[in-house]
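The values are calculated or read from the model by the stated rules, or taken from the named source; none is laboratory data. In this text the structure is predicted, and so the values were computed from the model without any measurement. All Cβ positions, even for glycine, are placed from backbone atoms using ideal geometry, and neighbour counts span all protein chains on display. We work out accessible area using only protein heavy atoms, side chains counted, and drop any ligands, DNA or RNA first. Shrake-Rupley method; radii C 1.70, N 1.55, O 1.52, S 1.80 Å.
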There are 2 protein chains.
Amino acid sequence: MSSKVTIHEVARLSGVSIKTVSRVLNREPNVKNDTRTRVQEAVAALNYRPNISARSLAGSKAYLIGVFFDNPSPAYVTDVQLGAIARCREEGYHLIVEPLDSEGDVAAQVEPMLHTLRMDGVILTPPVCDNVAVLDVLEAEGVPYVRLSPDQDQDRSAHVRMDDVRAAYEMTAHLIGLGHTDIGFIKGHPEHGASHLRYEGYVAAMKEHGHAVREDHVEQGWFSFRSGFEAAERLLGRPDRPTAIFASNDDMALGVMAVANRLRLEVPQSLSVAGFDDTPGAKVVWPQLTTVRQPIQAMAAAAADLLLTGATRAEGEAPPSRLLDFELVVRESTGPVG
Amino acid sequence: MSSKVTIHEVARLSGVSIKTVSRVLNREPNVKNDTRTRVQEAVAALNYRPNISARSLAGSKAYLIGVFFDNPSPAYVTDVQLGAIARCREEGYHLIVEPLDSEGDVAAQVEPMLHTLRMDGVILTPPVCDNVAVLDVLEAEGVPYVRLSPDQDQDRSAHVRMDDVRAAYEMTAHLIGLGHTDIGFIKGHPEHGASHLRYEGYVAAMKEHGHAVREDHVEQGWFSFRSGFEAAERLLGRPDRPTAIFASNDDMALGVMAVANRLRLEVPQSLSVAGFDDTPGAKVVWPQLTTVRQPIQAMAAAAADLLLTGATRAEGEAPPSRLLDFELVVRESTGPVG
DNA sequence: GCTCGCCTTGACAAGGTTGTCATGCCTTTA
DNA sequence: TAAAGGCATGACAACCTTGTCAAGGCGAGC
C-alpha cells in the first residue's frame, strides 16, 4: 500500500499550488524554469504518479488506447499489441484489448465498451477494420480510430498499410529471377482485400516479364493450411505442373510443402515454394520458407502514433495514412529452376 | 457524441436519488423490488452506462484486470487474453495488457503501472509468474494476483495449473499401449519447471509398465525447434534407435519430424512422434502431431475468476488454486510399432 | 512615471460515481 | 401500546485531477 501520494502533497512539498503541479505534469507552458524543477524534484522525492482515474474524470483524456480484434492469427495480434504498446508507453498510455466475437453483433459489443471506458482512440485490425457497423459506432461516439491494412473504403479514416501489390510483385520477380516461368499461384480468401492485391502484384510481374498467366496454374484458396494443401494437390497433380508455387500466405504455402513432401518432390530442387506473412510456422518447416514479412509492429506503432498525435481529426481533407515498407525474406524454399 | 448520460438523469427519470440508482447498479441489498425495476427500466431507456473513471475514483474498484506477459508464444498469450476476457466481461471488467521486457528491470516497469492505473488484479503468465521481484512489487502495492502454471514457490500465491506429470504419464502410456518399449525422450529447458514434471511423468509410466528408462534414449533439449532437431539427430543416428520419441513440447517434436523426414523415416510407420502443448504448428505438419493440449483459455478464465471473486485474499491458510484437466490429442504422428 | 499587456500563479468549481451517515417508516417484541 | 430494530431511501462529502478565470508581478513603450 505504498501509494496514496496525491498532487496535494507534491504541491505542499514544492511550495506551489496543485494547479502548478498539474501544469508541470502536463508539460503546459507558462511555468518558470526553477518552479518546474522544484516540482519535478518533489515528484521524484515522493515517487508521485498521477491517478489516472481522476485525470480522465477531470480532463478529456483517458490515457487508454483500445485494440479491437476478431480472430486473425495470434502472432499478428501479439505483434500489434507489442508495436502499439511501445509507442503508447512513451506517452503514459495503456492498452486495452477487446477481442470481438465476429459471429455475433459486433457493433452491439463495441458500443458499451466505448460508453463505459472512454478510450482516446482505437486501433482496428483486419477483419474488424472493414466492419462498417463498427466504424459507424466509433464515429457516432466520436472516438478516433486508425485502421490497420483496411480493405474497403480507405478514404473513410486514418489508416496504416503495407504495399501488398508491390510485395507480391517482387516475390514473383524473385522467382522469375531464379529462372522460373511457370509459376503457380494460390489466391487467398476472396473476401480479404489483400487477396486481390497480392494476385494483382503477381499478374503484373508475370506480364511485365513477358510470361503468360496460365489460368490452370492459378487456384483459389482460403488462407488455410487445408486449402493450400488441396490447391497444391490440384496444381502438382497435373503433368505440366509449375516449377514454382507462390501462395498468398504462409499457411497455404505450408500446405504446398506438405503435398510436395508426400509426392517426394524435393524443395527447392524440384519445386520452389513461396509464402507471404512470415508467420512463426515459416521457420518451423524444412526447408524454411521464403516469404514476405509485414512490419506489423511498426505498423501498429504508426497507428498508435497517429492516434496520440491527434492526426486523425483533420477535417475536410483526406485522412492521414502511412505506407510502410515490407521485407522480402529469402530462405531455402526457393531456388533456381532445376 | 451520444454519451453523457449520467446517473442523475437516470435518478430523475425513475424518481429516486442517485444513491439508489447506484445501489441498483451495484446489486446492493436493501432496494425494494419495484424500485429496482423502475431504475433498471430507466437505465435501459436512457441507454445509460456508468462512467468507469468516476466509479474507480470514488470507489475501490477500477474494473481493470491486468495481464502481464513477457515473451511466451503468441498463441499462448492470445489464448490467455481470450480466456480472461470471457470471464471479465461477465462482471463488466476490462483487460489491460502489459508486455514486459524481461531483459530490463522488470520490477521497475511494473511499479509505475500499478501506481497510475490501479488494477483490481493481475494475471501472471510464465515466465514472469516466477519473477520474485515482480511478486514483491505486487505484494508491496497490495494488488492481488494469480499465477498461471507457476514453477517456484507455489504456496506463495493463488495459482492455476495443469497436471503436467499426469499428462506426460498418459502420453507415455499411450505410446506403450501402441506396443512401443523403446521410447526416446527429449527434455525441455532445465530452468522451466514443466520440464522436470514432464520428465517425471515419462519416467513413472515407463517404470510402472516395466520398461527401463535408457539413459542414452533421453536427450536434453531447450524447448526450441533447433534443440529438438539436434536431439533427434543424436537419438536417430544410433543403430539401436528408439521406435518412438516423446518431446517435451511441440516445437521440439517438429524438429524430430524434420529429422525423420530427412532420414526418410516414415512417421508413424517407422517412428512415432509425440509432442506437448498443441501449438498451432502441430496441425501444420504432415502427419499432424499427437500432443497434449493445455486448456489455456479455461486456465486464464479460472485465474480471472479467482481475482473477481476475491478468492486471492484469504489470509492464514494456503492460497486458493485450481488444477485443470489436460486433453490428450491423438493425431497421426503416433501409431503401432512397425 | 504611468499604462498596457504578457507571464506566472492560485482559488475554486467541475467531473460522475461511491461511501457514510442520518432519516423516516414499518414490523416485531415485550 | 410503547419501545426496539430492520429496511428503504436520501443528503452530502469524498475521491483526485483538470479547466476556468481572476489576480499579482514585472518589463516595455510612451
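Pick from A:Leu13, A:Leu135, A:Leu64 the residue whose mean-square fluctuation is largest in a GNM of chain A, springs joining Cα atoms under 10 Å.
Top of the fluctuation ranking is A:Leu13.
As I understand it, the dipole of the protein assembly as shown uses +1 on the Cβ of Lys and Arg and -1 on the Cβ of Asp and Glu, about the Cα centre. Which of B:Gly275, A:Gln297, B:Ile123 lies farthest toward its positive end?
B:Ile123
When only alpha-carbon atoms are used, what values of Rg and Dmax, in angstrom, describe chain A?
Final numbers for Rg and Dmax: 25.3, 87 Å.
Placing a label point 7 Å from Cα toward Cβ, how far apart in nm is B:Ser17 from its equivalents in the other copies, listed shortest first to one decimal?
Those separations, rounded to one decimal, come out as 3.3 nm.
Could you tell me the calculated FRET efficiency between A:Val213 and B:Ala86, based on Cβ-Cβ distance and R0 = 51 angstrom, to the nearest 0.05?
My answer for the efficiency is 0.65.
Compute the normalised compactness of the range B:164-294: alpha-carbon radius of gyration over 2.2 N^0.38 Å, N being the residue count.
With N residues counted in the range B:164-294, Rg over 2.2 N^0.38 Å equals 0.91.
Which pairs in the list A:Lys61/B:Lys32; A:Lys19/B:Lys4; A:Lys187/B:Lys187; A:Lys4/B:Lys32 are over 30 Å apart, alpha-carbon to alpha-carbon?
A:Lys61/B:Lys32; A:Lys187/B:Lys187; A:Lys4/B:Lys32
Report A:Asp34's accessible area, 1.4 Å probe, all protein chains in place, as a number in Å² to the nearest 10.
The accessible area of A:Asp34 comes to roughly 90 Å².
So what are the ³J(HN,Hα) numbers for the range A:43-59, from phi and the Karplus equation (6.51, -1.76, 1.60; θ = phi - 60°), rounded to whole Hz, Gly and Pro as x?
My calculation for the range A:43-59 gives 4, 5, 4, 8, 6, 7, 9, x, 7, 5, 5, 4, 4, 6, 5, 6, x Hz in order.
What are the nm distances, shortest first, from A:Pro336 to its equivalents in the other copies, labels at 7 Å along Cα→Cβ?
For A:Pro336, the other copies' label points sit at 4.9 nm, shortest first.
If you build the Cα gyration tensor of the range B:1-121 and take the root of 5 times each eigenvalue, what three semi-axes come out, in whole angstrom, biggest first?
Value: 37, 15, 12 Å, ordered largest first.
Can you list, shortest first in nanometers, how far B:Asp34 lies from the same residue in the other copies, with each label 7 Å from Cα toward Cβ?
Result, one decimal in nm: 7.1.
By accessible area of protein heavy atoms, probe 1.4 Å, what ranking do B:Leu271, B:Leu328 get, highest first?
B:Leu328, B:Leu271
In the range B:120-217, carbon and sulfur make up what percent of the accessible area (probe 1.4 Å)?
49 percent
Suppose the Debye formula is applied to equal point scatterers at every Cα of the range B:7-50; what is log10 I(q)/I(0) at q = 0.14 Å⁻¹?
-0.23
Could you compute how much accessible surface A:Arg23 exposes when probed at 1.4 Å, giving the result in Å² to the nearest 10?
Its heavy atoms expose roughly 70 Å² to the probe.
Using protein chains only and a probe of 1.4 angstrom, how many square angstrom of A:Arg241 are accessible, to the nearest 10?
That residue has around 100 Å² of solvent-accessible surface.
Cα-based Rg of the protein assembly as shown per 2.2 N^0.38 Å, rounded to two decimals?
1.07
Amide H neighbours of B:Gly184 under 5 Å, counting only residues 5+ apart in sequence or on other chains, H built in-plane at 1.01 Å?
For B:Gly184, whose amide H was placed from the backbone, the distant partners under 5 Å are B:Thr243, B:Ala244, B:Ile245, B:Phe246.
Could you put A:Lys207, B:Lys61 in order of accessible surface area, largest first, with the 1.4 Å probe and the full protein assembly present?
A:Lys207, B:Lys61
Under a 10 Å cutoff between Cα atoms, tell me which one of B:Pro50, B:Pro190, B:Pro74 has the largest fluctuation in the Gaussian network model of chain B.
Its mean-square fluctuation being the largest, the pick is B:Pro50.
Which sequence of B:Glu200, B:Glu317 reflects their accessible areas, 1.4 Å probe, from the largest down?
B:Glu317, B:Glu200
Tell me what the protein assembly as shown gives for mean residue ellipticity at 222 nm when only DSSP H runs of n ≥ 4 count, each as -39,500 (n - 2.57), the sum divided by the residue total, rounded to 500 deg cm²/dmol.
-13000 deg cm²/dmol
In Å², rounded to the nearest 100, what is the total accessible surface buried by chains B and A against each other with a 1.4 Å probe?
Result for this pair: about 4600 Å² buried.
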